1. Can you give the Kirkwood hydrodynamic radius for the stretch B:1-78, in Å, rounded to one decimal and based on Cα pairs?
2. On a 0 to 90 degree scale, rounded to 10, what angle separates helix B:74-87 from the longest Cα axis of chain B?
3. Please compute one quarter of the surface area of the Cα convex hull for the stretch A:8-161 and express it in square nanometres.
4. Given 5 Å bins starting at zero, what is the percent of C-alpha pairs of chain B in each, up to the one with the largest pair distance?
5. If you build the Cα gyration tensor of the protein assembly as shown and take the root of 5 times each eigenvalue, what three semi-axes come out, in whole angstrom, biggest first?
6. Give me the Kirkwood hydrodynamic radius of the stretch A:77-161 in Å, from all C-alpha pairs, to one decimal place?
7. Using a basic spin-label model with each label point 7 Å from the Cα along Cα→Cβ, how many nm lie between residue B:5 and residue B:172?
8. Compactness ratio of the stretch B:67-152: Cα Rg over 2.2 N^0.38 Å, N = residue count?
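None of the figures in this text is laboratory data; all of them are computed from the coordinates on show. Because the structure is predicted, anything quoted here is derived from the model rather than measured. All Cβ positions, glycine included, derive from the backbone under ideal geometry; neighbour counts span all protein chains shown.
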């Protein structure tokens with residue numbers, strides 16, 4: 001799995017680094033801990049919010065919101081659901097495929113997948129820590145509107161509307 | 001007291017969770033199990049990223065990063081930002097600490113934003129997964145629209161941000 005690969009790589013690099021310079025390696029680990037500890041409170045809060053959101057926005061509710069809706073209202077709904085939720089890709093893509101099978105349009109699914117990836121309402125507290133409120137707001141708003149362009153093209157190309 | 005303030009957001013979220021458990025037991029337990037699941041995902045992905053960042057911070061000189069991704073890096077910097085972002089693993093919140101180290105090392109702001117965009121939408125492992133679930137036509141169409149979109153969003157953000165704001169963000173990254 002991807003995660004174990006990362007651990008392996010990092011352990012290898014740490015060993016090389018330690019071999020070359022013990023003091024620098026210690027400094028690197030200290031810095032790593034400091035920046036991790038810095039963001040930990042926000043991260044923990046976000047994870048709980050994600051848990052609550054996903055428990056409420058289950059597949060049934062999502063498909064009711066965007067399932068058989070068509071047109072731009074459905075697209076707006078899908079974009080909103082994608083923007084608010086934070087679903088890991090390996091859950092999101094099969095869910096999207098399921099929604100397609102149960103009658104959702106490509107345009108709606110395009111909007112959902114796009115905002116899911118680009119817009120992070122729940123992760124905004126973490127983003128604000130690094131980029132400030134204004135920049136975070138602007139990036140997310142731009143990404144939200146851009147997702148409609150993505151949805152439109154996907155609807156045209158894949159859905160053949 | 002300081003600790004309480006730092007963890008305020010976490011405590012409020014935990015309070016919401018407890019209210020949910022009390023009012024709707026089934027939904028609350030579902031929420032707890034999903035939180036546990038994301039916590040596991042975080043533990044798998046986030047610590048190596050931070051250690052990697054620590055090593056990068058200590059070993060890679062600022063001059064090197066400026067040369068490859070700084071003010072005058074041009075197309076090379078854009079391509080590198082795309083490549084690094086696309087090769088990454090993990091949820092979007094993992095990208096922000098990386099962005100902070102990039103800024104510390106003098107990476108151009110537009111390249112930092114392109115990196116964030118690439119991390120969010122053009123990750124290669126996710127793309128393979130998307131193709132298998134939604135089909136190549138869907139995934140590749142999205143990718144083709146998203147690549148110019150990422151660059152566009154990065155430059156629009158750069159235009160709207162004034163110099164003072166960018167400096168403030170860079171200064172903040174210095175203390176992270």
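1. Kirkwood hydrodynamic radius for the stretch B:1-78: 16.5 Å.
2. Helix B:74-87 sits at roughly 30 degrees to that axis.
3. Convex hull of Cα atoms, orientation-averaged projection: 11.4 nm².
4. With a bin width of 5 Å, the distribution comes to 1, 7, 12, 15, 16, 14, 13, 11, 7, 2, 1, 0.
5. 32, 25, 19
6. In the stretch A:77-161 this quantity evaluates to 13.1 Å.
7. Simple spin-label model gives 1.7 nm for this pair.
8. So the Cα radius of gyration is 1.11 times the expected 2.2 N^0.38 Å.
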